[in-house]
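Colleague: Can you keep this structure in mind? I'll have questions shortly.
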Amino acid sequence: MTLVKKFTTFGEHLRTLREINSLTLREVAASLTLDTSLLAKIERNERQPTRQLIKQFADFFKVEEKELVDEFLSDQIVYKILNEETDLNILKVAEGKIKYIKTHNA
């Protein structure tokens, strides 16, 4: 069940989950034993969460971990190619390489 609109960043998605649950930054941070400023930076996309922290967010907000991982990884891809002088065809090339690597490493 996805409550958050698509095409948000990981941080925006996280903030929306927190706000839907009427929680403050401080409450979420305390529950996850995080520094409040770190959580705020993650929500503003100034810091990146670890994979373990993504799992903790999923458990805390009772959402699928895959939902958050997909949001996080898609951000990584976007930020990587955003400032490159290329078009979206690069994503098709990458998709082909993923299929190639998966079949040759199986």
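The values are calculated or read from the model by the stated rules, or taken from the named source; none is laboratory data. Every value quoted in this text rests on a predicted model; they were computed, and no experiment measured them. Glycine gets a Cβ as well: all are built from the backbone with ideal geometry, and neighbour counts include every protein chain shown.
Colleague: Identify all residues within region 57-72 that are at pLDDT 95 or above, surrounded by fewer than 17 Cβ atoms within 10 Å (Cβ to Cβ) and part of a helix (DSSP H, G or I); write none if there are none.
Modeller: Within region 57-72, Asp59, Phe60, Glu65, Lys66, Val69 meet the criteria.
Colleague: Quick check on my filter: what residues within region 73-106 are at pLDDT below 90 and polar (S, T, N, Q)?
Modeller: Asn83, Thr86, Asn89, Asn105
Colleague: Which residue is nearest to the chain's Cα centre (by Cα), if the candidates are limited to region 8-30 and must be of a type in the set (Gly, Ala, Ser) and more than 14 Å from Asp75 (Cα to Cα)? Steps first, answer last, please.
Modeller: Taking region 8-30 first, the residues of a type in the set (Gly, Ala, Ser) are 11, 22, 29-30.
Right, trim to more than 14 Å from Asp75 (Cα to Cα) and you get 22, 29-30.
Working: Ser22: 20, Ala29: 17, Ala30: 21 Å.
In this case the residue turns out to be Ala29.
Colleague: Listed residues Arg51, Arg47; which is under 12 Å from the mean Cα position of the chain (by Cα), on the phi < 0 side of the Ramachandran plot and loosely packed, with under 12 Cβ neighbours inside 10 Å?
Modeller: Working: Arg47 fails: loosely packed, with under 12 Cβ neighbours inside 10 Å.
After ruling out the rest, the residue left standing is Arg51.
Colleague: Now a separate question. Looking at this structure, is Thr33 exposed (fewer than 12 other Cβ atoms within 10 Å of the Cβ), of a type in the set (Val, Ile, Thr) and under 20 Å from the mean Cα position of the chain (by Cα)?
Modeller: Details: exposed (fewer than 12 other Cβ atoms within 10 Å of the Cβ): yes; of a type in the set (Val, Ile, Thr): yes; under 20 Å from the mean Cα position of the chain (by Cα): yes.
Against the criterion (exposed (fewer than 12 other Cβ atoms within 10 Å of the Cβ), of a type in the set (Val, Ile, Thr) and under 20 Å from the mean Cα position of the chain (by Cα)), Thr33 qualifies.
Colleague: The conditions are (1) part of a helix (DSSP H, G or I); (2) in contact with a Lys or Arg (Cβ under 7 Å, 6 or more places away or on another chain); (3) without any contact (Cβ under 8 Å) to a residue 24 or more places away in the chain, and Arg47 fails exactly one of them. Which is it?
Modeller: (1)
Colleague: Checking Val4 against (1) modelled with pLDDT under 95; (2) aliphatic (A, V, I, L, M); (3) part of a helix (DSSP H, G or I), only one condition comes out false. Which one?
Modeller: The number of the failed condition is (3).
Colleague: Taking Arg15, is it surrounded by 11 or more Cβ atoms within 10 Å (Cβ to Cβ) and touching an Asp or Glu at 6+ places or on another chain (Cβ under 6 Å)?
Modeller: Working: surrounded by 11 or more Cβ atoms within 10 Å (Cβ to Cβ): yes; touching an Asp or Glu at 6+ places or on another chain (Cβ under 6 Å): yes.
Yes, satisfied.
Colleague: Moving on to the next point. Which condition from (1) part of a helix (DSSP H, G or I); (2) surrounded by 14 or more Cβ atoms within 10 Å (Cβ to Cβ); (3) aliphatic (A, V, I, L, M) is the one that Ile98 breaks?
Modeller: (2)
Colleague: What's the number of the condition Lys80 fails, among (1) without any contact (Cβ under 8 Å) to a residue 40 or more places away in the chain; (2) closer than 17 Å to Thr8 by Cβ?
Modeller: Every condition holds for Lys80 apart from (2).
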